[in-house]
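**Student:** Encoded as structure tokens, here's the structure I'll be asking about.
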Amino acid sequence: MSQSNSPYTVIITRPSPYGEALCTALDEQGFYSIHKPLITFEQDWQFDATQRFEQLSQASTWIFVSRQAVTYCFDSFKQKQLQDLLKLSTEKMVIAVGAATADSLQQLDFKPLIPPTPNSEGMIQLLDTYQRKQYPALLIRGNKGRELLEQYFDNGNLSFLPVYQRLPTNNTLPPLASNANTAIVVTSGQLMELVAEHYTDDPERLTIIAGSGRINKMAQHMGFTNCYTAKDASNLELVKTCILWRNNIN
């Protein structure tokens, strides 16, 4: 149960069910967590299962940018199609942006590679290591994002497979108490933009726990001067970063 008497409040903006799991982990460490998801995920049906299968078949490299990309991509396939994709994947390079995405793929028996850092820069480093720029690649993602990868494949070898949409919720973030230490966990650029819209008056009073260096830079550009960066956007690393923030206050 959340520690409502804790002097350290952490607001969680990531969607369900990942937000609830992070709240539980923070509560166990003595924080007072508040779950206020600012976006929700829905299936994107721009391409049906047959079209998705064809795109995956044609690409030499599959790049999955999130757990949601894995879930919404493969949920649309029947068991026979999924088995065929597993066989196909042995001839492909399958890349997962980080450990959580890799775990989602491994649960389906795929064998992904993980870049040295869980971001676009890390994936580009991995692609360079295996000299994959000259081969057709497919980016499995939401309805937007990963512009750096698009710039990397300036030869036209990158195609996009949007499998889910990020939609804003109607949730509002709580006001900042004058005597409280408050941090907010932000794990995507879209979430950072929504957080900035909520806290326009006094951004320096709020601590940002960023899920990547890119989000940290966005936050500072928006006027949030107290920012911490997690090693990656996994719940484990986000909790570690929240503990670091708390220790630095004490």
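No lab work stands behind these numbers, since they all come straight from the coordinates. Quick caveat: nothing in here was measured; it's all calculated off a predicted structure. Glycine also receives a Cβ, built like all others from the backbone with ideal geometry; neighbour counts cover every protein chain displayed.
**Student:** Can you sort THR13, THR40 from fewest to most other Cβ atoms within 10 Å of each residue's own Cβ? Don't skip to the end; give the middle numbers.
**Tutor:** Working: THR13 26, THR40 13.
Arranged by neighbour count, lowest to highest, THR13, THR40 become THR40, THR13.
**Student:** If you don't mind, there's one more thing I want to ask. Treating the angle as unsigned and between 0 and 90°, give the value, to the nearest 10°, between the Cα long axis of helix 49-58 and the longest Cα principal axis of the chain.
**Tutor:** Helix 49-58 and the main axis of the chain meet at about 70 degrees.
**Student:** Using helices alone, what [θ] at 222 nm do you get for the chain, with -39,500 (n - 2.57) per DSSP H run of 4 or more residues, divided over all residues and rounded to the nearest 500? Before the final figure, lay out the partial values.
**Tutor:** Working: 10 runs with 98 residues, N = 250.
Taking each H run of at least 4 residues, the total per residue is -11500 deg cm²/dmol.
**Student:** If you don't mind, another one. Treating the angle as unsigned and between 0 and 90°, give the value, to the nearest 10°, between the Cα long axis of helix 120-129 and the longest Cα principal axis of the chain.
**Tutor:** 40 degrees
**Student:** Can you check how the C-alpha radius of gyration of segment 1-74 compares to 2.2 N^0.38 Å, as a plain ratio?
**Tutor:** 1.59
**Student:** Of the peptides 167-176, 17-26, how do they stack up when ordered by the mean number of other Cβ atoms within 10 Å, highest first?
**Tutor:** On the way: 167-176: 12.2, 17-26: 17.9.
Ranked from most to least packed, the peptides come out as 17-26, 167-176.
**Student:** Using 1/(1 + (r/R0)^6) with R0 = 30 angstrom and r between the beta carbons of SER178 and ASN250, what's the FRET efficiency to the nearest 0.05? Display every interim value, and only then the final one.
**Tutor:** On the way: r = 20 Å, r/R0 = 0.65.
Computed FRET efficiency for SER178 and ASN250 comes out at 0.95.
**Student:** If the cut-off is 15 Å between C-alpha atoms, which aspartates and glutamates fall inside it for LYS240, apart from same-chain ones fewer than 8 positions away?
**Tutor:** ASP27, GLU28, ASP232
**Student:** Determine how many Å³ per residue the convex hull of the Cα atoms of segment 43-163 encloses. Let's see the in-between values first.
**Tutor:** Working: hull volume 10.9 nm³, N = 121.
Taking the convex hull of the Cα positions in segment 43-163, it is 90 Å³ per residue.
**Student:** How compact and how long is segment 102-217, expressed as Rg and Dmax of its alpha-carbon atoms in Å?
**Tutor:** 17.9, 56
**Student:** Follow-up. Starting from the Kirkwood Rh over alpha-carbon pairs, what translational D in µm² s⁻¹ does the chain have by Stokes-Einstein at 20 °C and 1.002 mPa s?
**Tutor:** On the way: Rh = 19.1 Å.
Estimated diffusion coefficient is 112 µm²/s.
**Student:** Out of residues 5 or more away from SER159 or on other chains, whose amide H comes under 5 Å of its own, with H placed 1.01 Å from N in the peptide plane?
**Tutor:** ALA137, LEU138, LEU139
**Student:** Given the pairs LYS133/LYS217; LYS87/LYS144; LYS92/LYS231; LYS80/LYS111; LYS133/LYS231, which are separated by over 22 angstrom at their Cα positions? Show your work: numbers first, answer last.
**Tutor:** On the way: LYS133/LYS217 27 Å; LYS87/LYS144 29 Å; LYS92/LYS231 28 Å; LYS80/LYS111 19 Å; LYS133/LYS231 27 Å.
Over 22 Å apart, Cα to Cα: LYS133/LYS217; LYS87/LYS144; LYS92/LYS231; LYS133/LYS231.
**Student:** Give, rounded to the nearest 20 debye, the magnitude of the charge dipole that segment 43-163 has about its Cα centre when Lys and Arg contribute +1 at Cβ and Asp and Glu contribute -1 at Cβ.
**Tutor:** Working: 12 positive and 13 negative charges, 39 e Å.
So the dipole magnitude of segment 43-163 works out to roughly 180 debye.
**Student:** Take the Cβ-Cβ distance between ILE243 and GLU193 as r, set R0 to 25 Å, and report the resulting FRET efficiency rounded to the nearest 0.05.
**Tutor:** Working: r = 27 Å, r/R0 = 1.07.
Taking R0 as 25 Å, the efficiency between ILE243 and GLU193 is 0.40.
**Student:** Once you sort the root eigenvalues of the Cα gyration tensor of segment 168-220 as a ≥ b ≥ c, which label holds: rounded (a/c under 1.5), prolate (a/b larger than b/c) or oblate (the other case)?
**Tutor:** Numbers: a/c = 1.86, a/b = 1.25, b/c = 1.49.
Judged from the Cα gyration tensor, segment 168-220 comes out oblate (a/c at least 1.5, b/c at or above a/b).
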